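A.B. asks: Can you read through this structure? Questions will come right after.
Nothing in this text is a laboratory measurement; each read-out follows from the coordinates by a stated rule. Small disclaimer: the values here were computed from a predicted structure and weren't measured. Neighbour counts are summed over all protein chains in view; Cβ atoms, including those assigned to glycine, are modelled from backbone coordinates with ideal geometry.
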Amino acid sequence: MSAKIIAVVNQKGGAGKTTLAMLLAGSLAERGKRVLVADADAQNTAVHWAGMGTGFPAEVQDVSGEESKLHKALRKLTDAFDYIVIDSPPAATAPVTASALRAAHLALVPVIPSPLDLWASVRIREAIVLARHKNPQLEARLVVNQMQPNTLLAREVLGMLPEFGIPLLAANLKSRTAYRQCAALGGSIHSLGSRAALAVMEVDALRREVEELLRGR
Ligand SMILES: Nc1ncnc2c1ncn2[C@@H]1O[C@H](COP(=O)(O)OP(=O)(O)O)[C@@H](O)[C@H]1O
Ligand SMILES: [Mg+2]
C-alpha cells in the first residue's frame, strides 16, 4: 500500500511544526507503522531531534535539498512507508512548501492561540488554496498547539479560528515540558514512560484523529 502523506506547514516559526511532526510520527511508529519524517527545513531540526538519542522509532531523512522536486522524490518512497510526515520550513511561499503541499493528502497547520500567530498564518491558507489547483484532494486542519485551557485569551482566539477558513482538528496539544524533554532525549513521547502519561494520551488522541481522516485515502 502507498504511504499517506502529511505535510506540517505554517509561515510562522515557533508554531510547533517540528514538535507536531515528530510527536505524530513517533506515535504512528510506536503503533507499528512504517513512518518516514521527511525533514524539508534546511535547519534540520527533526534530524537533530532524532540524532539526540538512538531511540526515535521512525526514520528521519533530510530532504531540504529537494526544493520544488520534493513531491517527485517522495513518490519513489511511498511503497516503503505507511506514513510520510513532512516537516517544513517557516515559509509559506517557498518552493519546498509548495511541493510538500502538492504531495500531501493532509496539511496540518499548528497554531499557537495568539492573535499575532494567527495573522502570520494567513499566508499558509493561501498556499493551501493554491496547492489544490494541482492537488484537489488536499485536506487541511488547524491544530491548536501550546493550548492553555480555560484562559480568556484561548477562548477569544479559538473564537476567531472558524473565520480562518481551515477546519480545526478536535485534538490539540497543551503546553507541556514533556514535549521539550522528548526532543532533548531524541525519542518519542512514549519513550518518557509513565511520567508523560497525559502527554501520551494527548498525542495518541491526535494520532487517532489523523488516522481516521486519512482512512481510505
Ligand atoms: N506543546 C508544546 N509544549 C511545550 N513546548 C512546545 C510545544 N510546542 C512547541 N514547543 C517548543 O516551542 C519551540 C518551537 O517549536 P518547534 O516545534 O520547533 O516550532 P517550529 O518547527 O514551527 O519552528 C521549541 O522550543 C519547542 O520545544
Ligand atoms: Mg521546525
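A.B. asks: If you wrap a convex hull around the Cα atoms of segment 1-76, how much volume per residue is inside, in Å³?
C.D. replies: Taking only Cα atoms, segment 1-76 has a hull volume of 95 Å³ per residue.
A.B. asks: Kindly give the semi-axes, whole Å and largest first, of the ellipsoid equivalent to segment 148-212, taking each as the square root of 5 times a Cα gyration tensor eigenvalue. Intermediate values should be presented prior to the final figure.
C.D. replies: Numbers: eigenvalues 133, 45, 19 Å².
The three semi-axes for segment 148-212 are 26, 15, 10 Å.
A.B. asks: Taking just the alpha-carbon atoms of segment 93-217, what radius of gyration and Dmax come out, in angstrom?
C.D. replies: Cα-based Rg and Dmax for segment 93-217 come out at 15.7, 45 Å.
A.B. asks: What is the sum of charges around A21, taking Lys and Arg as +1, Asp and Glu as -1, for the other residues whose C-beta is under 10 Å from the C-beta of A21?
C.D. replies: Working: positive: K17; negative: D39, D41, D87.
So the environment of A21 carries a net charge of -2.
A.B. asks: What residue among D87, D117, D39 has the largest mean-square fluctuation in a Gaussian network model of the chain, using Cα springs under 10 Å?
C.D. replies: Highest fluctuation of the listed residues: D117.
A.B. asks: Sum up the charges of everything whose Cβ sits under 15 Å from the Cβ of A98, counting Lys and Arg as +1 and Asp and Glu as -1, but leave A98 out.
C.D. replies: Around A98, the charge tally is +3.
A.B. asks: Something else now. Tally Lys and Arg at +1 and Asp and Glu at -1 over the other residues with C-beta under 15 Å from the C-beta of G53: what net charge comes out?
C.D. replies: Surrounding charge for G53 is -1.
A.B. asks: Here's something else I'd like to know. Of the cross-linked pairs K69/K174; K134/K174; K12/K174; K12/K76; K17/K76, which ones have a Cα-Cα span greater than 27 Å in the structure shown?
C.D. replies: K69/K174; K134/K174; K12/K76
A.B. asks: Any idea what diffusion coefficient segment 4-214 gets from Stokes-Einstein, in µm²/s, Kirkwood Rh on alpha carbon pairs, 25 °C, 0.890 mPa s?
C.D. replies: 146
A.B. asks: Sort all Cα-Cα distances of segment 60-120 into consecutive 5 angstrom bins from zero, then give the percent of pairs in each bin up to the one containing the longest distance.
C.D. replies: 4, 16, 27, 24, 14, 9, 5, 2, 0
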